[in-house]
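The values are calculated or read from the model by the stated rules, or taken from the named source; none is laboratory data. Keep in mind it's a predicted model, so treat the numbers as computed, not measured. Methodologically, a virtual Cβ is constructed for each residue, glycine included, from the backbone with ideal geometry; neighbour enumeration extends over all protein chains shown. Please note that ligands, DNA and RNA were not included when accessible areas were found on the heavy atoms of the full protein model with its side chains. Shrake-Rupley method; radii C 1.70, N 1.55, O 1.52, S 1.80 Å.
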Amino acid sequence: MSTSRRDFLERSAMLAAAGFAPRTISFDEWEAERARVPAPLRSAGKNCVVGSANGLHADRPSGVKIAYDKIMKGEDTLDAIIAGVNTQELDPEDNSVGYGGLPNADGVVQLDASCMHGPTKRAGAVGSLEGIDTPSKVAKAIMDYTDHIFLVGHDAKRFALAMGFTERDLLTPKSKAAFEKWKADPKAYTPWVKQPPNRMRPRGGFDEQDYYEERGIPWTHGTINMNAVNAAGDVSSVTTTSGISWKVPGRVGDSPVIGAGEYTDNTVGAAGSTGRGESNIMVCGAFLAVEYMRQGVAPEQALVNVMKRVIEHSEKRLLDDKGRPFFDLTFYAVTKDGRYAGACAYEGAKYAVCDEKGPRLETCAYLFKQAERPRRG
Ligand code: GLY
């Protein structure tokens, strides 16, 4: 007998003796365990779309309204919210999404997106996609036409082109100018936190949003997330982004990560996020929010709980000495029975909603007052 197998058997015997032996449960026991979980939520017959604030516009049709109107006409919830985020992906003025999104450190726009469709329990995702302006539709095509969930990079683009998507230069004169300004600034932010032992020679340090605001250099880790429920209680979610600006080429954020950027469970609801993706990936925030809601926690409290978990799970360099984050992250949720919420770390953030009362911004729940927000010295 090999040493490792003997070790394994000895360790298993010790664990069994200590009462830690793995145990199988019967189907009846499993059913009894499931019965202890709160009952799945029931539809309240309400149509509702909830997402990030860039889903609402005063001067043109809002993404949340476009999605809501489609749901009212009986269209599928995922098709509706994908149409809702498409307007943002195609808007050259939104520098955090699709066409006009800020590029990576090489000046190349790389897009991420994911979606989930509650009724069919299906999902699709795409990462580091170049040259296609609607990654949310590519994510849905992966969901609809393949047995896979996640395609990335060069081959994701090949897939999109084969599916009939059209290639396009995603840089606009504005995003190109922003890139040139960033590149010309020797002290500007880069995502490197440590000098690597090679000749890549990263510059800068942590994401200094204040630094950019002061110098008028655009910077973003914005994104658009949208979640919807219809009167039948069917739920879907989608998130799409150009990711953190000036990122290391090939970086994929939270948006295309199922369970982080968005998540749907048709028995409970959906959740999604915008903001610092790395912090969200660490806690699988959208999945965690849906899990809290499954256990009966109200959507606002569920999102606040997730935000607290993010902070608890953050490295020291990302927090001030009182444990308050230097970064922004916002979560959004809708339940199968039509309740909804948004939450983030700092007071003042808004989220977009559209239901029978029409499209509007509502105020996110928060953990800290704006005055408590730390600024890097
Ligand atoms: N949440 C967008 C990103 O970090 O890429």
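Let me confirm something: among L111, L129, which residue is open to solvent by less than 10 Å² (accessible area, probe 1.4 Å), within 16 Å of the ligand (Cβ to nearest atom), more than 15 Å from the chain's Cα centre (by Cα) and closer than 12 Å to T240 by Cα? Spell out how you get there, then give the answer.
Numbers: L111 fails: more than 15 Å from the chain's Cα centre (by Cα).
When all the criteria are applied, what remains is L129.
Does K137 meet the test of being out of contact with any helix residue (DSSP H, G or I) (no Cβ under 8 Å at 6 or more places or on another chain) and either surrounded by fewer than 19 Cβ atoms within 10 Å (Cβ to Cβ) or within 30 Å of N266 (Cα to Cα) (or both)?
On the way: out of contact with any helix residue (DSSP H, G or I) (no Cβ under 8 Å at 6 or more places or on another chain): no; either surrounded by fewer than 19 Cβ atoms within 10 Å (Cβ to Cβ) or within 30 Å of N266 (Cα to Cα) (or both): yes.
So K137 fails the test.
If I filter the range 114-130 for residues that are without any contact (Cβ under 8 Å) to a residue 40 or more places away in the chain, over 22 Å from N266 (Cα atoms) and not in a helix (DSSP H, G or I), do I get at least one hit? Yes: the range 114-130 contains one or more residues that are without any contact (Cβ under 8 Å) to a residue 40 or more places away in the chain, over 22 Å from N266 (Cα atoms) and not in a helix (DSSP H, G or I). Scanning the range 233-247 for residues that are within 10 Å of the ligand (Cβ to nearest atom) and more than 26 Å from Q301 (Cβ to Cβ) gives T240, T241, S242, G243, I244, S245, K247.
Mind telling me which of the residues D321, D355, D328 ends up being open to solvent by less than 20 Å² (accessible area, probe 1.4 Å) and of a type in the set (D, E)? Can you show your working first?
On the way: D321 fails: open to solvent by less than 20 Å² (accessible area, probe 1.4 Å); D328 fails: open to solvent by less than 20 Å² (accessible area, probe 1.4 Å).
Going through D321, D355, D328 in turn, just one is open to solvent by less than 20 Å² (accessible area, probe 1.4 Å) and of a type in the set (D, E): D355.
For the range 289-310, the condition holds for at least one residue, the condition being that it is at pLDDT below 95, out of contact with any His (no Cβ under 6 Å at 6 or more places or on another chain) and of a type in the set (D, E, K, R). Filtering the range 279-312 to residues that are within 16 Å of the ligand (Cβ to nearest atom), touching a helix residue (DSSP H, G or I) at 6+ places or on another chain (Cβ under 9 Å) and part of a helix (DSSP H, G or I) leaves S279, N280, G285, A286, L288, A289, L303, V306, M307, V310. Taking (1) farther than 15 Å from G51 by Cβ; (2) under 16 Å from the mean Cα position of the chain (by Cα) in turn, T240 satisfies each apart from (1).
So in the range 248-274, with the set limited to residues that are more than 25 Å from K336 (Cβ to Cβ) and either of a type in the set (G, A, S) or assigned to a strand (DSSP E or B) (or both), which one is farthest from the ligand (Cβ to nearest atom)?
Here is the first cut: in the range 248-274, the ones more than 25 Å from K336 (Cβ to Cβ) are 248-253.
Among the residues that remain, those that are also either of a type in the set (G, A, S) or assigned to a strand (DSSP E or B) (or both) are: 250, 253.
On the way: G250: 13, G253: 2 Å.
Within the range 248-274, the match that is farthest from the ligand (Cβ to nearest atom) is G250.
Could you go through the range 35-52 and let me know if any residue there is open to solvent by 50 Å² or more (accessible area, probe 1.4 Å) and under 21 Å from the mean Cα position of the chain (by Cα). Scanning the range 35-52, I find no residue that is open to solvent by 50 Å² or more (accessible area, probe 1.4 Å) and under 21 Å from the mean Cα position of the chain (by Cα), so the answer is no.
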